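Step one of this worksheet: look at the structure below.
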Amino acid sequence: MKKLFAIAAVALFASTAAATDLALWTFESSVPVSAGPFTAEAGVNAATSNALGATNGTYSNPVGNGSFESFSSNGWDVGDYYEFTTSTAGYTNIVLSFDQASSNTGPRDFDVLYSTDGGANFVSAGTYIVLANATPNTPWSSLGARDAAYTSTFNLAADNAASLIVRLTQTTTVSANGGVVASTGTSRVDHVLIAGTIPTPGTIGLLSIAGVVATRRRRA
């Protein structure tokens, strides 16, 4: 019984490995004024990770969610998106998180679409609603902490992918204030993070010990 408990403890330790930032876009150094692409500011794959916009509008870098910069655009239509590309090779438990806000007449309804085959096929990780960056919500500001009300998080079945493409895609013409999206309506993103986990050498060693214990127990 004690041996089984030890094995369970090792398994739990292995499943709670710390996450690694693969790519993080803060837009503090890229300071977008176009569709991009823009290299990620941080993460182990930052140098080869890019962000771009796909709207028929004007791009800008208004204040972020507790930061000075964000990635913003108007001219939104159904099917338009923000795209983020990185590698998850060698990593599992892939998680996407990001902050997004729209103006009152900017788009409200989005879907997280992602591809692990170079963009040939996309699957949905889930839909979400973007809050209006206006009262009664707390508008974005460079002062103070990030407002978690604007943050969305999704788990992606994208382990060990040479190229992961993520698109935050507009799905309806409904605006953030419940009306209709206008050509001048904007939506902005900030703090876009793709992270994953990888077993540490110590964890692998503990798993090997657990395997030996289990084998000896079967032989006993």
Once Lys and Arg are counted +1 and Asp and Glu -1 for all other residues with Cβ under 12 Å from that of GLY185, the total becomes 0
Using θ = phi - 60° and the Karplus relation 6.51 cos²θ - 1.76 cosθ + 1.60, list the HN-Hα couplings for the stretch 159-166 in order, rounded to whole Hz, with x at every Gly or Pro.
-> 5, 6, 9, 4, 9, 9, 10, 10
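Go through 35-46, 101-112, 123-134, 164-175 and give me the packing order, highest mean Cβ count within 10 Å leading.
On the way: 35-46: 18.4, 101-112: 22.4, 123-134: 16.2, 164-175: 20.7.
Highest to lowest by the protection proxy: 101-112, 164-175, 35-46, 123-134.
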Determine ³J(HN,Hα), in whole Hz, for all residues of the stretch 174-181 in sequence, where each value follows from phi through the Karplus function 6.51 cos²θ - 1.76 cosθ + 1.60 and θ = phi - 60°; x replaces Gly and Pro.
-> 6, 8, 4, 9, x, x, 10, 4
Run through the DSSP bridge list for the stretch 33-154 and note the antiparallel percent, rounded to the nearest 5.
-> 90
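Plugging the Kirkwood radius over Cα pairs into Stokes-Einstein for the stretch 123-172, at a temperature of 25 °C and a viscosity of 0.890 mPa s, what D comes out in µm²/s? Walk me through the numbers on the way to the answer.
Details: Rh = 13.8 Å.
Taking Rh from Cα pairs, D becomes 177 µm²/s.
Consider all pairwise Cα distances in the stretch 82-140 and report the whole-number % of them above 18 Å. Provide the component values of the computation, followed by the final result.
Values: 817 of 1711 pairs.
Beyond 18 Å sits 48 percent of the P(r) for the stretch 82-140.
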In debye to the nearest 20, the charge dipole size for the stretch 51-185, taken about the Cα centre with +1 at each Lys and Arg Cβ and -1 at each Asp and Glu Cβ, equals 180
Averaged per residue, the 1.4 Å probe accessible area of the stretch 26-181, protein heavy atoms only, in Å², is roughly 43
Convert each backbone phi in the stretch 120-125 into a coupling constant with the Karplus relation 6.51 cos²θ - 1.76 cosθ + 1.60 (shift: θ = phi - 60°), then list the ³J(HN,Hα) values in order as whole Hz, x for Gly and Pro.
-> 5, 9, 10, 10, 8, 8
With label points built 7 Å along Cα→Cβ from the Cα atoms of ASN93 and ASN121, find their separation and express it in nm.
-> 2.7
Accessible surface of the stretch 92-138 [probe 1.4 Å, protein heavy atoms]: carbon and sulfur percent | 51
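Which FRET efficiency, nearest 0.05, do SER183 and SER142 yield, Cβ-Cβ r, R0 25 Å? The partial results should precede the final answer.
Values: r = 27 Å, r/R0 = 1.09.
E(calc), rounded to 0.05, equals 0.40.
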Between THR173 and THR58, 0.36 nm times their residue separation minus their Cα-Cα distance comes to what?
-> 39.6 nm
Counting pairs of alpha carbon atoms under 8 Å apart in space and at least six apart in sequence, what relative contact order in percent does the stretch 47-160 give?
-> 32
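The values are calculated or read from the model by the stated rules, or taken from the named source; none is laboratory data. A quick note: this is a predicted structure, and the numbers were derived from the prediction, not measured. Heads up, the Cβs are rebuilt from the backbone with ideal geometry, glycines too, and the neighbour counts pull from every protein chain shown. When the accessible area is computed, the model is the full protein with side chains, heavy atoms only, and any ligands, DNA or RNA have been set aside. Shrake-Rupley method; radii C 1.70, N 1.55, O 1.52, S 1.80 Å.
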